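Visitor: If you scroll down you'll find the structure; I have some questions about it.
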Amino acid sequence: MIRKQSMIRKQSSEGIGYSVVELNDVRHVFASAVPRSGHDLQEQARDALRTIEDVNHEEGTRGSIVEQAVFMKDVSQIDACRQIMREFYGDELPATTYILQPPCDGKLVSIEALGVGRATEGVKIRRLSDRLVIAGHSGVSWIHCGQIAPRVSSSSVYDRSIDGFRQMVEMLGSVDVPFERVIRTWLYLGDIVGAEGATQRYKELNRARSDFFRDVCFAPARLPDGQNPTVFPASTGIGTEGRDVVMSCIALATDRDDIVATPLENPVQTSAFDYGAVYSPKSPKFARAMALSCGPFATIFVSGTASITNSETRYVGDVEGQTRQTLDNIEALISESNLARHGMPGLGTGLDGLALVRVYIKRQEDYAKTRAVCEARLGELPTVYAVADVCRPDLLVEIEGIAFSRRI
């Protein structure tokens, strides 16, 4: 029998939730912070940042933040928020993405941050800009790319999405990392279910992604024996305020041959890339999760997940039912039986193996019900709750996360 031992310490209090994962002698700190005080953006942002700083100081990883997502209510305040970040971090700016999704608790801003144990010998952080940071340890480089935005003048979702992917390629290329090393993407699209000509904006995003990924072989030399070479990264495609597209990603670069990348599909869901044309002329090209394993350890990037079984929406109009089904889907995805089915026996986990989640809620009025279900199932866990439209009109909630497991 395989025995499990928790790798994750979790703690939460007013305004802050964080978890600590010890992985191969490297400490990872995941934190979500909601301002506890302040009336304007400056006061609220600095309060959240100080809270995250205090956590990392306590955990011995001060100055280690490599990536952060900043959830904002007002597009007109992004430049001001960026200046606040520069003043607070100085030369230690993380790769930052500004996401136009209002925090559900009514604040102007909330922050999700990832710190890597800089105090640990051998951990090196290269900060190229506030959009590109590389964390290296144990012969592995994690490349964090944030705030990737198209530069073309075209207003079409397809053109702007294609150009966004081109900017991603360019950013990774600037540090000699090929695009096929991407393991996780986030695609934020304004008015995601709105009309785009005779079709829908999300469908146009999927068409662009499908076309751009057509000749890309992701995770080269990292796939398990017998794996179908048609592989896609884990991903979230989610709505935002406004009308534009913004992207971010994580890539993995290493010469080690003992790290295996396994795309996971869900036993209760049709693979997204096999969806019928009714959902999109070009199906969404992403894996339900991407599991990176090395010996007895696994890191599982869970894609945006909703209340869908097979390919159909469940619990239409019932946000509590949808939240429960979404968590059931994540639980099935990262379970021991599913990991074993994918050739990774002993590396599955449960919801208690999650170190961080984001919960996207379509309607502000559903926040209390959704949060109650999540807290009952997830317990103390750093969680961001943001108002965001989901890719189908009948979907009310979407959840993503990152999980860790260890075989003993």
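The values are calculated or read from the model by the stated rules, or taken from the named source; none is laboratory data. Source: prediction; values computed, not measured. All Cβ positions, glycine included, derive from the backbone under ideal geometry; neighbour counts span all protein chains shown.
Visitor: Name the pairs: first residue in the range 169-185 and aromatic (Phe, Trp, Tyr), second residue outside any loop (DSSP other than H, G, I, E, B) and surrounded by fewer than 21 Cβ atoms within 10 Å (Cβ to Cβ), Cβ to Cβ under 9 Å, at least 6 apart or on different chains?
Guide: Phe179/Met168; Phe179/Val169; Phe179/Gly173
Visitor: Restricting to the range 36-47, what's the tally of residues that are within 24 Å of the chain's Cα centre (by Cα) and under 16 Å from Gln77 (Cα atoms)?
Guide: Of the residues in the range 36-47, 3 are within 24 Å of the chain's Cα centre (by Cα) and under 16 Å from Gln77 (Cα atoms).
Visitor: While we're here: If Glu398 satisfies all but one of (1) farther than 17 Å from Arg288 by Cα; (2) crowded, with 19+ Cβ neighbours inside 10 Å, what's the number of the condition it fails?
Guide: Glu398 satisfies all of (1) farther than 17 Å from Arg288 by Cα; (2) crowded, with 19+ Cβ neighbours inside 10 Å except (1).
Visitor: What about Val193, is it hydrophobic (A, V, I, L, M, F, W, C), at pLDDT 95 or above and within 17 Å of the chain's Cα centre (by Cα)?
Guide: Spelling it out, it is not the case that Val193 is hydrophobic (A, V, I, L, M, F, W, C), at pLDDT 95 or above and within 17 Å of the chain's Cα centre (by Cα).
Visitor: Tell me, which residue of the range 169-191 that is in contact with a helix residue (DSSP H, G or I) (Cβ under 9 Å, 6 or more places away or on another chain) and buried (at least 23 other Cβ atoms within 10 Å of the Cβ) is nearest to Pro102 (Cα to Cα)?
Guide: Per the stated criteria, the residue is Leu189.
Visitor: Restricting to the range 347-388, count the residues that are surrounded by fewer than 24 Cβ atoms within 10 Å (Cβ to Cβ), of a type in the set (D, E, K, R), under 27 Å from His28 (Cβ atoms) and touching a residue at least 40 places away in the same chain (Cβ under 8 Å).
Guide: 4
Visitor: Taking Glu53, is it without any contact (Cβ under 8 Å) to a residue 40 or more places away in the chain and farther than 24 Å from Met247 by Cβ?
Guide: Yes; evaluated as a whole, the condition is true for this residue.
Every residue, every condition in (1) surrounded by fewer than 15 Cβ atoms within 10 Å (Cβ to Cβ); (2) modelled with pLDDT under 95; (3) touching a Phe, Trp or Tyr at 6+ places or on another chain (Cβ under 7 Å), yes or no:
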{"residue": "Arg3", "(1), (2), (3)": "yes, yes, no"}
{"residue": "Tyr18", "(1), (2), (3)": "no, no, yes"}
{"residue": "Asp25", "(1), (2), (3)": "yes, yes, no"}
{"residue": "Pro35", "(1), (2), (3)": "no, no, no"}
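Visitor: If you don't mind, another one. So if I check each of Asp40, Asp74, Asp79, which one is surrounded by fewer than 16 Cβ atoms within 10 Å (Cβ to Cβ), at pLDDT 95 or above and within 22 Å of Arg358 (Cβ to Cβ)?
Guide: Answer to the selection: Asp74.
Visitor: I've got another one for you. Hey, which of the strands (runs of 3 or more DSSP E) in the range 163-267, taking only ones fully inside, have at least 1 residues that are within 15 Å of Ile148 (Cβ to Cβ)?
Guide: Qualifying strands (runs of 3 or more DSSP E): 182-190, 234-240, 245-254.
Visitor: Can you tell me which residues in the range 7-33 are within 25 Å of Arg407 (Cβ to Cβ), of a type outside the set (Phe, Trp, Tyr) and in a strand (DSSP E or B)?
Guide: Within the range 7-33, Ile8, Arg9, Lys10, Ser19, Val20, Val21, Glu22, Leu23, Val26, Arg27, His28, Val29 meet the criteria.
Visitor: Of all residues being more than 16 Å from the chain's Cα centre (by Cα) and part of a strand (DSSP E or B) in the range 97-118, which is farthest from Val384 (Cα to Cα)? Just the residue, please.
Guide: Val116
Visitor: Right, here's the next one. Could you tell me which residue of the range 307-317 is nearest to Arg371 (Cα to Cα), considering only residues that are surrounded by 14 or more Cβ atoms within 10 Å (Cβ to Cβ) and without any contact (Cβ under 8 Å) to a residue 60 or more places away in the chain?
Guide: The qualifying residue nearest to Arg371 (Cα to Cα) is Tyr315.
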